[in-house]
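One structure is given here, and the rest of the page talks about it.
Every number here is computed from the coordinates shown, using simple stated rules; none is lab data. These figures come from a predicted structure and were not determined experimentally. Note that we place each Cβ from the backbone using ideal geometry, even for glycine, and neighbour counts take in every protein chain shown.
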Amino acid sequence: MSNTLLNEKRRVRRKAGIRKHVIGTPERPRLTVFRSIKYVYAQVIDDYTGKTLVAASSVKSEKGSNKAAAAAVGKELAEKARAAGVTHVAFDRNAFKYHGRVKALADAAREAGLKF
């Protein structure tokens, strides 16, 4: 098995363990982050109703570096969430390390007013 497939299997297993504990409620929805090689995606999800309240991604972003694009996504997501009435969220790093783009997105969301 190649290292890429092995790493993906491990990430999915870690994700399942994290999702046992991180649950989005109507009062405190879950902010989940997914990063691909090119882009960063983030959503605020209410797990009880199964609905995505707010979403943002770096697909249409004009930022140069990946960290800058991730920070822009975090800021955009926080602004949309506050407009939708969400101030507190549960952060789900989706089995990615809290480092680099994931950390940049989280820091920008905190600076823009989300609490987690």
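Remark on the chain: ratio of C-alpha radius of gyration to 2.2 N^0.38 Å is 1.05.
Charges on Cβ only, +1 for Lys and Arg, -1 for Asp and Glu, centred on the Cα centroid of segment 3-111; of I37, H21, N3, which one is farthest towards the dipole's positive end? Result: N3, furthest along the dipole toward the positive end. For segment 98-114, backbone nitrogen atoms closer than 16 Å to the point 7 Å from R82 Cα along Cα-to-C-beta are found at 106-114. Looking at segment 1-101, the chymotrypsin sites (Phe, Trp or Tyr not before Pro) that sit in a DSSP loop and have at most 10 other Cβ atoms within 10 Å of their own Cβ are Y98. For segment 54-101, the list of GluC sites (Glu not before Pro) that fall in a loop by DSSP and count at most 13 other C-beta atoms within 10 angstrom reads E62. All Cα-Cα separations within segment 51-116 were binned at 10 Å from zero, giving a P(r) of 23, 56, 21, 0, each value a whole percent of the pairs. Using θ = phi - 60° in the Karplus curve 6.51 cos²θ - 1.76 cosθ + 1.60, the 3J(HN,Hα) couplings for segment 30-39 round to 8, 9, 10, 10, 10, 10, 9, 5, 9, 10 Hz; x is entered for Gly and Pro. A simple spin-label model places pseudo-atoms 7 Å from Cα toward Cβ; at E62 and A16 they are separated by 4.4 nm.
Say the cut-off is 23 Å between C-alpha atoms; which of K60/K115; K20/K51; K15/K60 go over it? Please report the intermediate quantities before stating the final value.
Details: K60/K115 26 Å; K20/K51 18 Å; K15/K60 27 Å.
Pairs exceeding 23 Å: K60/K115; K15/K60.
State, as an integer percentage, the relative contact order of the chain based on alpha-carbon contacts under 8 Å between residues 6 or more apart. Present the calculation step by step, with values, prior to reporting the outcome.
On the way: 208 pairs, mean separation 31.6, N = 116.
Relative contact order here is 27 percent.
The amide H of L53, built 1.01 Å from its N in the peptide plane, has V44, I45, D46 as neighbours under 5 Å, considering only residues 5 or more places off or on other chains.
Using a ≥ b ≥ c from the Cα gyration tensor of segment 7-53 (square roots of the eigenvalues), is it rounded, prolate or oblate, where a/c under 1.5 gives rounded and otherwise the larger of a/b and b/c decides, a/b for prolate?
On the way: a/c = 3.15, a/b = 1.41, b/c = 2.23.
Note, shape of segment 7-53 comes out oblate.
Checking every one of the trypsin sites (Lys or Arg not before Pro) in segment 45-116 against DSSP loop status and a limit of 12 other Cβ atoms within 10 Å picks out K60, K97.
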